[in-house]
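Visitor: My structure is below; once you've seen it, I'll send some questions.
We did not get these values from a lab; they are worked out from the coordinates using the rules stated. Everything quoted here is computed from the prediction, not taken from an experiment. Cβ: placed from backbone, ideal geometry, glycine included. Neighbour counts: every protein chain shown.
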Amino acid sequence: MRTAFRIALALLAMQAIPTVAGAATKNEVLYQTSLDIDRDGKPDKALLVLAGPGRTDFHELTRDRYGLSENERVDLYIYLGKGGENADLRQKPDFVKQQIADPERVPWVQPLEVSKSGSLLISAAHQWGASHDWTEILTVIYRNGEPVVAGFTMGWSWNSLLADDTFETLEGECDVNFLTGKGTLTKDADKPQPIKAVFKPVKLTDWTSANIPKACDWWQSQDDD
């Protein structure tokens, strides 16, 4: 009897101990903006939501960028017709895209913006102020009732130390318009050159870093490390 009783107590104690795997994910709004993304005349709200064990970057500059740590990700929430309301994560969004920014490529998430044409701009950077740096921007619109990636822009800055101890800076940009099917690549001070490929819009639900045109990663071949 005593042995069985002790076993029962031990099982109860094990059940009461929380495990890391079972820990609840915390959600927190990092950035938000209002826009009429579905063009129905009513303001909508887009949120970048931090998901993970809890905020790890408390620097005052998080108003300009947030650096993702291990086990953190940023999701995109879209609430249609609720652009004039305060953000409330208890309400179910009309659209969710988990891990809108690839933390392996661009772990520095930046505030949401709205283009002059009313499109949603989602940007994230590889590093801040480093010798090798780049920023990626997704242009998102609504088409046939769902978010679509209409454009992708990557701008980079590549600093190299020369033999005479001076620095050489190479800058460039890759800009792809999935709606027109065309793209351009600019290498340093050269004029933009057309990319020899045809592009099509990608549903935001299906978008991953694998959809980034290969031509946009041209600059990485300049790495001498």
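Visitor: May I ask you to compute the full-extension gain from Arg55 to Lys42, defined as 0.36 nm times their residue separation minus their alpha-carbon distance, rounded to one decimal in nm?
Guide: 1.5 nm
Visitor: Ok, one more. Once R0 is set to 30 Å, what does the formula 1/(1 + (r/R0)^6) return for the Cβ-Cβ distance between Glu113 and Ala163, expressed as a FRET efficiency to the nearest 0.05?
Guide: 0.15
Visitor: Can you give me the distance in nm between label points at Thr25 and Leu170, each placed 7 Å from the Cα along the Cα-to-Cβ direction?
Guide: Taking the two extended label points, one gets 3.8 nm.
Visitor: Calculate the FRET efficiency for Val96 and Asp64 from the Cβ-Cβ distance with a Förster distance of 22 Å, rounded to the nearest 0.05.
Guide: That gives a FRET efficiency of 0.35.
Visitor: Next question, about the same structure. Among Pro107, Ser117, Gly83, whose Cα projects farthest towards the positive end of the dipole of segment 21-145, with charges put on the beta-carbon of Lys, Arg (+1) and Asp, Glu (-1)?
Guide: Farthest towards the positive end: Gly83.
Visitor: Provide the net charge surrounding Thr62, with neighbours chosen by a C-beta distance below 14 Å and charges set as Lys +1, Arg +1, Asp -1, Glu -1.
Guide: -2
Visitor: Once you order the gyration tensor axes a ≥ b ≥ c over the Cα atoms, which shape class does segment 72-148 get: rounded for a/c under 1.5, otherwise prolate or oblate by comparing a/b with b/c?
Guide: In terms of gyration-tensor shape, prolate.
Visitor: How large is ³J(HN,Hα), in whole Hz, for each residue of segment 99-113 in order, when computed from phi with the Karplus curve 6.51 cos²θ - 1.76 cosθ + 1.60 and θ = phi - 60°, using x for Gly and Pro?
Guide: 6, 5, 10, 6, x, 6, 9, 9, x, 9, 8, 10, x, 5, 9
Visitor: If the chain between Lys196 and Asn211 were fully stretched, how many nm would it gain, using 0.36 nm times the residue separation less the Cα-Cα distance?
Guide: So the chain would gain 3.8 nm between Lys196 and Asn211.
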